[in-house]
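Okay, handing you the structure first.
The values are calculated or read from the model by the stated rules, or taken from the named source; none is laboratory data. For clarity, every value in this text was computed on a predicted model and none was experimentally measured. Quick reminder, even Gly has a Cβ in these numbers, built from the backbone with ideal geometry, and neighbours come from all protein chains shown.
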Amino acid sequence: MFTVKDYRDALAEGYLLASKCRRCGAVQLPPRPICPKCGSGDLEAFKAPKRGRVAAYTVIHVPPSRFKGEEPYAVAIVELLEGVRVSGRMLDVSEADLRVGLEVEADFIKLGEEPLLCFRPLKHP
Amino acid sequence: MGLQRGVAIIGAGMTRFHHKIHADKTGRDLFVEAALEAMASVDNGIELGDIEALFIGNFSSDSFEHQGHVAALMADWLGLTPRAATRIEAACGSSGAALNIGVMAIASGLYDVVMVGGVEKMRTLTTEEVTDVLAMASDEVYEAAVGFTFPGLYAAMATAHFHRYGSTWEQLCAVSIKNHHNGSLNPKAQFQEEVIDIARRLGERRGMTFRDEMEFLRSPLNPVVAYPLRLFDCCPISDGAAAVIMASEEAARRFTDTPIYVRGIGQASDAMALHDREDLTTIRATRLAAQQAYRMAGLGPEDIDVADVHDCFTIAEVVATEDLGFFPKGEGGKAAEEGRTSLEGDKPINPDGGLKAKGHPVGATGAAMAYEMFKQLRGEADKRQVPDAEVGLIHNVGASGATVVVQIYGR
């Protein structure tokens, strides 16, 4: 059974841990103990792709206390596979360039001791 | 599924919602004030002894006031002990969820008369600390930890909605301007001032003049909170309480000739994290809760004369009016811009000013919506009265949509 720690350990190691239901094939990111689609507990781990597109975003100007001083900072919901999304911090992008559909790639940094999932715009050669 | 017996609201009361005037009051002071007003509003009078149970919606008195176990506390302070008292927590949907439980408690036959209320005393903390507490209602591990705030989640919904439907921030402003207008007509509202009057007042202080509301709303006096949402897209931080008294249809007749009947109720949950929802432009729990309530009432969205919807942010009102079926998906912003949701429109929304202008002491909001419908459907809403309102709906959301409660009332 997957726990939050599994996902965070994976972040610290530089990948996105997801789960896939062996019964119905639904994918969960982060991984879950039970498939929300069919209720099965028979799930297998896999590494989610690092590249995706911004599905929604915001730029936080009034931060919570733990991120005070970092504002303004951008946060995005990124779609990595059809219907499979995750929230992460956006780096290296100006407010003007941030848009739905932007191609991004995951990066894994540390904020103090905590792993933080980030995304950066994909640089096309 | 239906109710085993009819349920009606026979009385309703609320404090004014405000960010300053309750500075010297605690949550219990506020709740007792609202509860006493609810009791005083019962046409034929009611005694404390008539109330058999208390259900209280409250999000986080623990964080705001260092006070847990508030249902028993409120029963104690109201003189209701030894009656059963229970706290219900569903973030900003706490007292909406309490309303549903109150209805079920009566419909089951267990009680004939109950009080359902909500209370939140938030202004004990700074804005930053309140932001922290509210963010607890999102997914701590997967949303808050990467930097999402509450306004941020709704801001993300707005960008998805703008992208898919071509809706605009200007349409969101129409919601804010309309709700401030309605608030200006409501003596219980936190802000009883039109946006244009606020623009004039704040402008004078800084030697600035504004041609119209939009020029003000685009100015630095309306700073960005979480792009694309600015200050006037966000409900304020408020202190306040609200309470209603519910009775079985049969018991209600003893207390009043004009009870407001509960015609339908619904409630649904969804993925906690916004990113896990099927569609980022829809609150699915709203659609499902509304379906249940419409089915139970035997009514549809076209039958609703007036509605209080959960406009914690302007985009939330737009999305709600679509998901409740009042307007086609993607056209909620346009409808607001065209004035269709104003007091004079064909679908008046938030006649009390909504969360935006009336205020949003989070745990009290659902009960305050029921208060408003009690007034509207009895024709007691004074300057903000929707003419001939016979069927009303309330829509109360917990957090970014992981909990939604809908109730439909009729005369």
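Would you check which residues across the stretch B:91-110 are part of a loop (DSSP other than H, G, I, E, B), touching a strand residue (DSSP E or B) at 6+ places or on another chain (Cβ under 6 Å) and of a type outside the set (A, V, I, L, M) and list them?
Once the filter is applied, which keeps residues that are part of a loop (DSSP other than H, G, I, E, B), touching a strand residue (DSSP E or B) at 6+ places or on another chain (Cβ under 6 Å) and of a type outside the set (A, V, I, L, M), the stretch B:91-110 yields only B:GLY93.
Can you tell me how many residues within the stretch B:130-145 are of a type outside the set (Ser, Thr, Tyr), under 15 Å from B:PHE59 (Cβ atoms) and within 7 Å of chain A (Cβ to nearest Cβ)?
Counting residues in the stretch B:130-145 that are of a type outside the set (Ser, Thr, Tyr), under 15 Å from B:PHE59 (Cβ atoms) and within 7 Å of chain A (Cβ to nearest Cβ) gives 2.
Criterion first (within 13 Å of chain B (Cβ to nearest Cβ), touching a Cys at 6+ places or on another chain (Cβ under 6 Å), outside any loop (DSSP other than H, G, I, E, B) and buried (at least 17 other Cβ atoms within 10 Å of the Cβ)) does A:ARG85 satisfy it?
No, not satisfied.
What number goes with the only condition from (1) at the interface with another protein chain (Cβ under 8 Å from one of its Cβ atoms); (2) surrounded by 14 or more Cβ atoms within 10 Å (Cβ to Cβ); (3) closer than 15 Å to B:VAL146 by Cα that A:GLU114 does not pass?
(2)
Just wondering, is there one or more residues in the stretch B:159-170 that are of a type in the set (Lys, Arg) and buried (at least 24 other Cβ atoms within 10 Å of the Cβ)?
No: zero hits.
Which is within 20 Å of B:HIS163 (Cα to Cα) and touching a Phe, Trp or Tyr at 6+ places or on another chain (Cβ under 6 Å), of A:VAL100, A:VAL54, A:VAL78?
A:VAL78
Cβ-Cβ distance below 8 Å, separation of 6 or more or different chains: which pairs start in the stretch B:86-113 with a residue that is over 14 Å from B:GLY401 (Cα atoms) and in contact (Cβ under 8 Å) with a residue 40 or more places away in the chain and end on one that is among the charged types (D, E, K, R) and part of a helix (DSSP H, G or I)?
If the second residue must be among the charged types (D, E, K, R) and part of a helix (DSSP H, G or I), the pairs left are B:ASP112/B:GLU250; B:VAL113/B:ASP50.
Could you say whether any residue in the stretch A:23-35 is not in a loop (DSSP other than H, G, I, E, B) and not hydroxyl-bearing (Ser, Thr, Tyr)?
Looking for residues that are not in a loop (DSSP other than H, G, I, E, B) and not hydroxyl-bearing (Ser, Thr, Tyr), one finds at least one in the stretch A:23-35, hence yes.
Among the residues of the stretch A:21-63, write down those that are at the interface with another protein chain (Cβ under 10 Å from one of its Cβ atoms), closer than 25 Å to B:THR281 by Cβ and modelled with pLDDT under 95.
Selection gives A:GLN28, A:LEU29, A:PRO30, A:ARG32, A:PRO36, A:VAL62.
Right, another one. Restrict the check to the stretch B:389-398 and report whether at least one residue is surrounded by fewer than 24 Cβ atoms within 10 Å (Cβ to Cβ) and part of a strand (DSSP E or B).
Scanning the stretch B:389-398 turns up at least one residue that is surrounded by fewer than 24 Cβ atoms within 10 Å (Cβ to Cβ) and part of a strand (DSSP E or B).
Could you look through the stretch B:111-133, keep only residues that are outside any strand (DSSP E or B) and hydrophobic (A, V, I, L, M, F, W, C), and pick out the one that is surrounded by the most Cβ atoms within 10 Å (Cβ to Cβ)?
Among those residues, the one meeting the criterion is B:MET122.
Could you tell me which of the residues B:ALA189, B:ALA199, B:ALA251 is touching a Gly at 6+ places or on another chain (Cβ under 9 Å) and more than 23 Å from A:PRO72 (Cβ to Cβ)?
So the residue among B:ALA189, B:ALA199, B:ALA251 that is touching a Gly at 6+ places or on another chain (Cβ under 9 Å) and more than 23 Å from A:PRO72 (Cβ to Cβ) is B:ALA189.
Looking at this structure, is B:LYS178 among the basic types (Lys, Arg), within 29 Å of B:THR15 (Cβ to Cβ) and not in a helix (DSSP H, G or I)?
Taking the combined requirement at face value, the residue does not satisfy it.
All but one of (1) of a type outside the set (Lys, Arg); (2) surrounded by fewer than 24 Cβ atoms within 10 Å (Cβ to Cβ); (3) within 14 Å of chain A (Cβ to nearest Cβ); (4) more than 21 Å from A:GLU71 (Cα to Cα) hold for B:LEU185; state the number of the condition that does not hold.
(3)
Of all residues in the stretch B:78-124, which are within 15 Å of the chain's Cα centre (by Cα) and aliphatic (A, V, I, L, M)?
B:ALA90, B:ALA91, B:ALA97, B:ALA98, B:LEU99, B:VAL116, B:VAL119
Right, here's the next one. With small (Gly, Ala, Ser), surrounded by fewer than 24 Cβ atoms within 10 Å (Cβ to Cβ), at pLDDT 95 or above and in contact with a Phe, Trp or Tyr (Cβ under 9 Å, 6 or more places away or on another chain) as the only criterion, which of B:ALA53, B:ALA72 stands out?
Testing whether each residue is small (Gly, Ala, Ser), surrounded by fewer than 24 Cβ atoms within 10 Å (Cβ to Cβ), at pLDDT 95 or above and in contact with a Phe, Trp or Tyr (Cβ under 9 Å, 6 or more places away or on another chain) leaves just B:ALA53.
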